[in-house]
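**Q** I'd like to ask you about the structure that follows.
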Amino acid sequence: MEWPTYLDEYEKLVIRMNTPRVVIDNAACPTATVVKVDSGRKHGVLLEAVQVLTDLNLSIKKGYISSDGRWFMYVFHVTDQYGCKLTDDNVLSYIEQSLGTWKPTRSLSFEGLTAIELTGSDRPGLLSEVFAVLADLECSVVDARVWTHKGRIACVVFIKDESSGSQIEDATRIDVIECRLSHLLNLGEQNDGRVSIISMPALEGSISHADRRLHQMMFEDFDFDCVDDTEAIAMDTDVPCVSVQDWAERGYSIVTVQCKDRRKLLFDVVCTLTDMDFVLSHGTLDTEGDQAHEEFYIKHMDGSPISSEAERQRVVRCVQAAIERRGSEGLRLELCTLDRSGLLSDVTRTFRENGLLVTRAEVTTKDDMACNVFYVTDMAGLPADPRSIESIQKRIGESCLIIKEETTPRVFRKVASDSFEEPHNGVAAGLFHLGSFFKRNLSSLGLIKSS
């Protein structure tokens, strides 16, 4: 950056402290683009940065995070969805501008839309019934995100009036929509479904990012404390291993995550810890093959570490839940076709009639095209019957509904009490996984003694 000649060194320092400095380097690493940012420290700044990168469908292969007082620095090694370096000038410019201003990014434009938030007990066919009600009430679904986890469901659905294409503002109509959906969610035994309808301008302040809002909704729904019926049946080796240990000497709690790597993994973990009001002061991310290792040095907002075993276990369960929520379960089906009235209702009803359960969904509408992704299993959570998939493809259209990938259905397990190891000699065992980069930086900051 070229500085005006009239600025002295102090004025330059003040400007730099209040403006994030972004460097994007394609030469430093042979396999990834290196994104370096340093800036003044504020709560949530790491989450905002990770959100910028993950919203571009980029993979973060390595990461180093460190702070010193009011200063914050991190380095990310990122690749595109094909595992290659970033070469698109538009993408590089967007990253530099977004990270350099800290303007919160939004997952979509909310202008002219009404948002519906739904949480409750999941059951076969529930999503189909939700879309059927919206179609019956002449609500056009523009965008939707649906997650299921341990028998719970969370949805964020953005709608507009089907005939006028405008935002739904009539209070009486909103009450009818809310009443109909609440009835659906509370048909089961638990009777604990919740519906919230939000319109502009309140919408802008309440939902800044759909995925983050889904995490918050499931956290508020206490999905991390739910016990799934499949726990007694089998164990899945892909269940994330999470531990929380103490570093009493420096007043930190150390959260360590070891699990299968996937896109947006770092976002899910950082989002949860941030929304639990923890400050992430230092950390590392490393991937090797299909495995990821993450480690974070955290404190409460008041500067204190985790102080009780109960809180320690709660953090472990919350982080595990955050990772599992987005875990792709079952067969991935992609639907790309002309949008029309009742499309989602018809498609999800077809799934239900052929014995399929939707475990996760992403609905996107652009211009006149509907581009939707569904993850499906059979009603027992097992792999879908190929004959059912073939029948669905014939009914919907083989050129419209494409099978992309199949993943092993996940099975959850309870957190074992012996997973919380005591630190040795006052320093958590996780410290030894930091790697040379982090050791050098902590040593230079005076946080550890150099060897």
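The values are calculated or read from the model by the stated rules, or taken from the named source; none is laboratory data. Predicted, not measured: the structure shown is a model, and the values here were computed from it. Virtual Cβ from ideal backbone geometry, glycine too; neighbours counted across all protein chains shown. Protein only, heavy atoms only, side chains kept; ligands, DNA and RNA dropped before computing areas. Shrake-Rupley method; radii C 1.70, N 1.55, O 1.52, S 1.80 Å.
**Q** From the C-alpha coordinates alone, can you work out the Kirkwood hydrodynamic radius of segment 263-328, in Å?
**A** Final number for the Kirkwood radius of segment 263-328 is 12.7 Å.
**Q** Would you mind putting 26-32, 289-295 in packing order, based on average other-beta-carbon counts within 10 Å, highest first?
**A** In decreasing order of mean packing, 26-32, 289-295 become 289-295, 26-32.
**Q** In segment 222-358, with Lys and Arg counted as +1 and Asp and Glu as -1 at Cβ, which of these residues, Ile298, Leu333, Gly283, has the Cα nearest the positive end of the dipole, that is, farthest along it?
**A** Checking the options against the dipole of segment 222-358, the answer is Leu333.
**Q** How big is segment 335-409 on each of its three principal axes, counting only the C-alpha atoms and giving the largest first in Å?
**A** Principal-axis extents of segment 335-409 (Cα, largest first): 36, 21, 19 Å.
**Q** While we're looking at this one, here's another question. Too long at a 30 Å Cα-Cα cut-off: which of Lys36/Lys299; Lys85/Lys299; Lys260/Lys366; Lys61/Lys160; Lys85/Lys394; Lys260/Lys299?
**A** With Cα atoms farther than 30 Å apart: Lys85/Lys299; Lys260/Lys366; Lys61/Lys160; Lys85/Lys394.
**Q** Considering the convex hull of the alpha carbon atoms of segment 60-197, report its projected area averaged over all viewing directions, in nm², one decimal.
**A** 13.1
**Q** Could you sort 147-156, 338-347, 364-373 so that the peptide with the highest average Cβ count within 10 Å comes first and the rest follow in order?
**A** With the highest mean Cβ count within 10 Å placed first, the list reads 147-156, 338-347, 364-373.
**Q** A follow-up question, please. Just the number, please: carbon plus sulfur as a percent of the accessible area of segment 44-159, 1.4 Å probe, no ligands or DNA/RNA counted.
**A** Percent of accessible area from carbon and sulfur atoms in segment 44-159: 47.
**Q** Just the accessible area per residue of segment 282-324, please: how many Å² with a 1.4 Å probe?
**A** Computed with neighbouring chains in place, this is 38 Å² per residue.
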